[in-house]
Amino acid sequence: METKALDTRSLRLSAPATHRSFRTAAVLGAGTMGAQIAAHLANTGLEVHLLDIVSDDDDDPNAVVKEGFEKAREASPDPFFTDDVADRVYLGNFEDDFERVGEVDWVVEAVLERMDVKRDVHARIEEHAADDAVISTNTSGLPIHEIAEERSEDFKQRFLGTHFFNPPRYMKLLELVPTQRTDPSVLERVAQFGRLHLGKSVVVANDVPYFIGNRIGVFAQLQAIRYYTDGDYSIEEIDTLTGQLVGHPKSATFRTADLVGLDVLTDVANNLYEKVEGDERREAFQVPEVMQRLVDEGRLGEKTKEGFYKKVDDEIKSLDPETFEYTSAEEEELGDLKSIKKAGGLDDRLQALYQDTGRAGTFFRETTLELLGYSARRIGEITANPADVDRAIRWGFNWEKGPFEIWDALGFETVLNGMEEHDIAVPEWVEAMHSRGHTQFYQVEDGERSVYLPDEQGYVDDPRPSDELRLASVKQDDSNEIWSNDEAALLDVGDGVALYEFRSKANSLGRNVMMGLRECIDRVENDPNLRGMVIGNEGKNFSVGANLGEMAMAASQGEFEVIGQYIDEFQDTVQQVRYATKPVVAAPHQRTLGGACEISMACPYPIADAETYIGLVELGVGLIPAGTGTMRLAAKAAKEAPNDNPSEIQAHLRPYFETVAMAEVAEGAAEGIEMGFLPETTRIVMHTDRRLYAAKQQVLRLSEQGYMPPPVMTNIKVLGEKTLSTFKVALMQYREGNYISEYDEHLATKLGTVMTGGELSAPQEVHEKYLLELEREVFLSLLGEQKTQERIFHMLEHNKPLRN
């Protein structure tokens with residue numbers, strides 16, 4: 001069996017691309033993974049042929065592939081960026097359409113996880129594929145070299161494993177598994193394309209059962225489950241101890257199992273147990289009886305609405321392992337977790353939990369020591385590089401730290417002593433490392449990280465790709481901070497480019513942030529050494545919008561003059577983003593709501609993460625967008641209309657009005673462009689870690705070209721009361737159908753008033769300042785209404801909208 005992969009440390013993954021991109025692909029197998037891989041390949045612009053077996057239905061030989069494709073179309077979250085992307089996927093079957101395989105650059109086989117089936121399909125692929133096509137198999141654990149062992153030498157050189165994590169659009173990790181015959185240039189081409197165009201973080205794994213991510217991640221998950229099935233910890237207690245407290249996703253252990261599917265997890269565990277005969281902890285992959293019984297009874301988790309958890313009359317109940325009924329959660333007996341949560345950052349929390357003498361500490365110590373020991377013993381088998389284990393777990397399981405990073409956080413000696421106390425085997429390479437006086441797996445010098453490699457018996461560089469800009473590295477040098485206040489900072493990110501970083505809670509856009517932004521644009525414009533500015537950050541979200549708490553406090557005290565001044569300042573600042581004499585490039589990512597959306601809309605040339613969830617959601621808190629967003633959509637509708645005919649403009653205005661009235665949020669940057677929340681000039685970056693680098697490059701490109709801001713809009717065609725009346729009729733019908741409340745109708749009418757230009761008896765051209773003043777007036781009037789204040793305070797208290 002092959003166990004040693006190519007030396008991949010020299011792989012070039014960063015831009016500029018050095019290999020030919022793929023333009024066409026064929027995905028063979030339209031199951032859950034195949035159909036969604038096809039969707040994501042289409043997201044990146046490829047023409048994709050999705051094929052599956054011929055249906056037994058004589059009337060429609062494509063019934064199987066159509067069913068798989070339609071399931072992908074209906075999946076949530078959506079695997080497609082937009083509806084139009086789906087048009088790039090062409091369906092077919094293995095009998096009538098297999099010759100299409102010969103027309104593509106990349107063939108991805110994603111059929112059943114059975115060796116005989118995969119071998120048969122690859123025999124057919126070799127007959128049809130172009131001589132220079134790359135061929136890959138998508139599998140979560142079958143031996144890659146065995147799939148192609150009967151193929152020609154030429155085929156083997158172009159063949160490798162591609163393990164996409166589910167769902168492919170959203171999960172960051174892509175494991176590439178070359179064989180000893182795989183041409184290194186083929187591996188690098190797929191890795192480069194995966195990172196730059198599919199947005200994947202790539203780890204190259206050895207060709208061993210379940211590679212890196214699942215081998216370690218499933219081990220961790222199953223051992224946590226055993227503390228419920230074989231121990232005295234409840235489901236809720238384990239999910240508390242394996243969730244956000246320790247830097248894992250909120251779904252923790254059991255909710256994650258339900259989401260993945262207990263049948264899927266059981267299959268993976270059973271296959272691992274069968275395949276890893278030489279693993280000293282093989283028994284850890286035996287499926288617990290409780291989980292097997294759930295599968296046998298068809299309780300598979302989220303897909304069947306019951307698994308370890310079940311929602312009963314709006315209450316989430318968990319499985320009682322004795323009665324197999326679902327019961328309400330009992331009070332957790334985990335001691336003083338509050339003090340552990342308040343210990344500080346993740347490293348501090350992990351150390352506090354490790355030292356805890358109660359049940360929480362016992363669980364954490366025992367499970368963590370087992371995991372770290374197991375991970376260390378796998379080095380040399382699944383990969384030669386501890387950093388690849390950490391990356392696979394961070395990217396594939398969404399942990400903040402991988403096993404060796406956790407080990408460093410807890411302390412090298414602390415963990416070694418713990419392993420000795422618990423009789424956990426320590427591999428020779430760790431003992432040798434210790435004997436040489438090395439007491440951490442990672443070292444950082446001058447901002448550059450190195451990792452200990454057993455084969456090298458020392459540290460080697462572990463650099464980030466050159467096309468990533470990390471603010472943590474920038475901030476290590478205090479001289480890079482040009483300006484700051486309590487909630488924002490301006491940083492020098494090199495080459496004459498500055499970056500404005502929000503630092504407020506949830507990156508909200510309070511007065512300090514917005515006034516700081518205005519001041520910093522002034523600084524950049526007047527500094528001959530600066531060429532432009534990026535607006536970006538590395539927070540969980542770009543920004544959730546304006547500081548509601550600040551607004552609510554002022555409104556409750558009747559300080560409407562102050563609020564009016566704040567709106568003026570907010571609008572002026574957003575306008576300054578648009579009309580600055582040097583390029584200002586917004587770089588939104590994840591949630592980009594309200595005022596943050598308006599900043600992105602105003603930016604002439606933004607750079608957006610593909611997963612930017614953007615929208616104007618103010619109506620949800622009883623307000624309208626008043627930071628130029630309403631004005632900009634009215635102007636966009638008028639510009640998009642083929643002529644000045646009011647009915648043509650109304651046809652373009654109405655969908656924008658409805659989108660804002662319903663507080664809809666785009667499910668990605670591509671959809672954000674379609675919905676009008678991002679300009680057509682937006683460049684979408686597929687890999688989130690490249691976003692700030694790309695934004696910096698955008699500033700430099702615009703500067704090199706001789707930047708000029710867009711002209712002020714002096715003649716926006718608005719439609720007046722006739723179109724507003726049309727909107728009112730539609731709103732009344734929605735209210736009478738109980739789709740919206742009476743106050744929703746009132747708010748949407750106010751929105752329509754602004755978007756149609758106010759009290760105008762006929763269509764008219766107006767200056768953008770006219771619409772901005774309308775925004776301001778309506779916003780202030782709504783802020784004074786009791787029901788709006790109720791909505792605001794409800795959102796602040798409960799973090800969800802009130803429909804009053």
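The values are calculated or read from the model by the stated rules, or taken from the named source; none is laboratory data. It should be emphasised that the depicted structure is a prediction, and the values quoted were computed from it without experimental measurement. In this analysis, Cβ positions are derived from the backbone assuming ideal geometry, glycine residues included, and neighbour counts consider all displayed protein chains. Side chains are part of the model used for accessible areas, which takes the heavy atoms of the whole protein and leaves out ligands, DNA and RNA. Shrake-Rupley method; radii C 1.70, N 1.55, O 1.52, S 1.80 Å.
With respect to (1) open to solvent by 20 Å² or more (accessible area, probe 1.4 Å); (2) within 20 Å of I379 (Cα to Cα); (3) within 21 Å of the chain's Cα centre (by Cα), the lone exception for Q221 is condition (3). Among the candidates R73, R100, the residue that is open to solvent by 20 Å² or more (accessible area, probe 1.4 Å), touching a residue at least 24 places away in the same chain (Cβ under 8 Å) and basic (K, R) is uniquely R100. When V712, V699 are screened for being under 18 Å from A580 (Cα atoms), in contact (Cβ under 8 Å) with a residue 24 or more places away in the chain and surrounded by fewer than 21 Cβ atoms within 10 Å (Cβ to Cβ), only V712 passes.
Just one of V85, V101 is at pLDDT 95 or above and either among the hydroxyl-bearing types (S, T, Y) or within 30 Å of T612 (Cβ to Cβ) (or both); which is it? So the residue among V85, V101 that is at pLDDT 95 or above and either among the hydroxyl-bearing types (S, T, Y) or within 30 Å of T612 (Cβ to Cβ) (or both) is V85. Selection of helices (runs of 4 or more DSSP H) fully inside region 335-394 by the criterion of at least 2 residues being open to solvent by less than 30 Å² (accessible area, probe 1.4 Å) and under 24 Å from K172 (Cβ atoms) returns 346-355, 359-378.
Just for strands (runs of 3 or more DSSP E) wholly inside region 572-630: which have at least 1 residues that are of a type outside the set (K, R) and farther than 30 Å from H794 by Cβ?
Working: elements: 584-586, 590-593, 607-609, 612-615.
The strands (runs of 3 or more DSSP E) meeting that bar are 584-586, 607-609.
Might you check whether a residue that is among the polar types (S, T, N, Q) and within 30 Å of R349 (Cβ to Cβ) occurs anywhere in region 245-254? The answer is yes, given that some residue of region 245-254 is among the polar types (S, T, N, Q) and within 30 Å of R349 (Cβ to Cβ). Exactly one residue out of E400, E330 is touching a residue at least 60 places away in the same chain (Cβ under 8 Å), open to solvent by 50 Å² or more (accessible area, probe 1.4 Å), in a loop (DSSP other than H, G, I, E, B) and under 30 Å from L174 (Cα atoms): that is E400.
Restricting region 164-192 to residues that are open to solvent by less than 10 Å² (accessible area, probe 1.4 Å) and assigned to a helix (DSSP H, G or I) leaves a set whose member that is nearest to A669 (Cα to Cα) is Q192. Within region 289-318, residues that are open to solvent by less than 50 Å² (accessible area, probe 1.4 Å) reach partners that are among the small types (G, A, S) and assigned to a helix (DSSP H, G or I) with beta carbons closer than 9 Å, at six or more positions or on different chains, in the pairs M291/A257; M291/A269; G301/A257; G307/A257; F308/A257. The criterion of being open to solvent by 10 Å² or more (accessible area, probe 1.4 Å), within 15 Å of G34 (Cα to Cα) and in a helix (DSSP H, G or I) does not hold for K118.
Taking V264, is it surrounded by fewer than 21 Cβ atoms within 10 Å (Cβ to Cβ), part of a helix (DSSP H, G or I) and in contact with a helix residue (DSSP H, G or I) (Cβ under 6 Å, 6 or more places away or on another chain)? Show your work before the answer.
On the way: surrounded by fewer than 21 Cβ atoms within 10 Å (Cβ to Cβ): yes; part of a helix (DSSP H, G or I): yes; in contact with a helix residue (DSSP H, G or I) (Cβ under 6 Å, 6 or more places away or on another chain): no.
Against the criterion (surrounded by fewer than 21 Cβ atoms within 10 Å (Cβ to Cβ), part of a helix (DSSP H, G or I) and in contact with a helix residue (DSSP H, G or I) (Cβ under 6 Å, 6 or more places away or on another chain)), V264 does not qualify.
Only residues that are open to solvent by less than 50 Å² (accessible area, probe 1.4 Å) and in contact with a strand residue (DSSP E or B) (Cβ under 7 Å, 6 or more places away or on another chain) were counted across region 747-766, and they come to 4.
Name the residue, out of E538, E550, E525, that is in a loop (DSSP other than H, G, I, E, B) and either open to solvent by less than 60 Å² (accessible area, probe 1.4 Å) or touching a helix residue (DSSP H, G or I) at 6+ places or on another chain (Cβ under 9 Å) (or both).
On the way: E550 fails: in a loop (DSSP other than H, G, I, E, B); E525 fails: in a loop (DSSP other than H, G, I, E, B).
Exactly one of E538, E550, E525 is in a loop (DSSP other than H, G, I, E, B) and either open to solvent by less than 60 Å² (accessible area, probe 1.4 Å) or touching a helix residue (DSSP H, G or I) at 6+ places or on another chain (Cβ under 9 Å) (or both), namely E538.
Condition check ((1) touching a strand residue (DSSP E or B) at 6+ places or on another chain (Cβ under 9 Å); (2) in a strand (DSSP E or B); (3) of a type in the set (V, I, T)) across all residues:
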| site | (1), (2), (3) |
| --- | --- |
| Y459 | yes, yes, no |
| E468 | no, no, no |
| E501 | yes, yes, no |
| M514 | yes, no, no |
| L530 | yes, no, no |
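The requirement of being among the basic types (K, R), free of Cβ contacts under 8 Å to residues at least 24 places away in the same chain and either touching a Ser or Thr at 6+ places or on another chain (Cβ under 7 Å) or open to solvent by 30 Å² or more (accessible area, probe 1.4 Å) (or both) is not satisfied by R776.
Quick grid of which residues meet (1) closer than 19 Å to L469 by Cβ; (2) open to solvent by less than 30 Å² (accessible area, probe 1.4 Å):
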position: R591; (1), (2): no, no
position: G615; (1), (2): no, yes
position: T628; (1), (2): no, yes
position: S647; (1), (2): no, no
position: E664; (1), (2): no, no
position: F677; (1), (2): no, yes
position: R683; (1), (2): yes, no
position: A695; (1), (2): yes, yes
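The residue list G757, G784, G752, G737 contains one member that is at positive phi and not aromatic (F, W, Y), which is G757. Is there a residue in region 701-715 that is among the polar types (S, T, N, Q) and within 31 Å of the chain's Cα centre (by Cα)? Within region 701-715, one or more residues are among the polar types (S, T, N, Q) and within 31 Å of the chain's Cα centre (by Cα). Screening S450 with (1) of a type outside the set (A, V, I, L, M, F, W, C); (2) open to solvent by less than 30 Å² (accessible area, probe 1.4 Å); (3) within 30 Å of T414 (Cα to Cα); (4) not in a strand (DSSP E or B) gives one miss only, at (4).
Criterion first (free of Cβ contacts under 8 Å to residues at least 40 places away in the same chain and out of contact with any helix residue (DSSP H, G or I) (no Cβ under 7 Å at 6 or more places or on another chain)) does F159 satisfy it?
Details: free of Cβ contacts under 8 Å to residues at least 40 places away in the same chain: yes; out of contact with any helix residue (DSSP H, G or I) (no Cβ under 7 Å at 6 or more places or on another chain): yes.
In short, yes.
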